[in-house]
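The values are calculated or read from the model by the stated rules, or taken from the named source; none is laboratory data. Model, not experiment: these values are computed from the prediction. Positions of Cβ are backbone-derived with ideal geometry, glycine not excepted, and every protein chain shown enters the neighbour counts. These accessible areas exclude ligands, DNA and RNA; they are computed on the full protein's heavy atoms, side chains included. Shrake-Rupley method; radii C 1.70, N 1.55, O 1.52, S 1.80 Å.
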Amino acid sequence: MELIRVAVHIRSRDGRAGGRGEIAFARPSFGRRLRKAGLLFLVGLACGALLLPVPLIHLFGIMFFLGMFGLAAKRLVSRKVLKEAHGQCPSCRTDGPYYVGMGGRRLAFPIVTSCPHCHVGLELEPAAPGGLSTGS
């Protein structure tokens with residue numbers, strides 16, 4: 001899976017701006033998205049089925065199944081998936097990577113994260129004038 005890199009502007013929640021960075025996202029194939037969604041669906045189905053015969057707990061099993069079904073549907077329609085981000089924090093001027101999830105988060109701007117050094121909230125926006133079409 002090829003990573004596509006995009007330059008971003010970084011703005012901190014304390015009002016400072018001017019940081020620059022880069023994000024990387026991927027466009028997984030339909031087959032890959034279908035496999036991951038199918039795995040989430042099967043995990044939800046298995047756990048829901050195991051909890052079904054237990055009185056009162058079966059309600060949690062049903063909710064778990066419905067939650068996993070929703071996650072599977074979301075994974076199936078996510079055509080652009082955020083993989084990594086890094087840049088310079090406008091608040092403390094430190095370069096470094098930013099946590100943007102475990103690699104399954106749908107690409108949508110603004111990307112909200114925080115600086116691992118000063119713990120200030122950050123918003124990442126595309127640096128291109130027209131932005132980046134986030135699609136699904």
With all protein chains in place and a 1.4 Å probe, VAL54 shows an accessible area in Å² (nearest 10) of 60
Sorted largest first, the C-alpha extents of the range 19-63 along its principal axes in whole angstrom are 54, 31, 9
Put ARG33, ARG20 in order of accessible area, largest first, probe 1.4 Å, and you get ARG20, ARG33
Expressed as a whole-number percentage, the relative contact order of the range 11-130 with C-alpha contacts under 8 angstrom and at least six residues apart is 31
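How much area per residue is accessible in the chain when the probe is 1.4 Å and only protein heavy atoms are counted (Å²)?
It amounts to 60 Å² per residue over the chain.
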For the range 19-136, using Cα atoms only, the Rg and Dmax in Å read 18.4, 57
Only helices counted: for the chain, with every DSSP H run of 4 or more residues adding -39500 (n - 2.57) and the sum spread over all residues, [θ] at 222 nm is -10500 deg cm²/dmol
Here the cysteines of the chain without any disulfide-compatible Cβ partner under 4.7 Å are CYS47
Carbon/sulfur accessible area of the range 1-72, % of total, 1.4 Å probe, equals 71
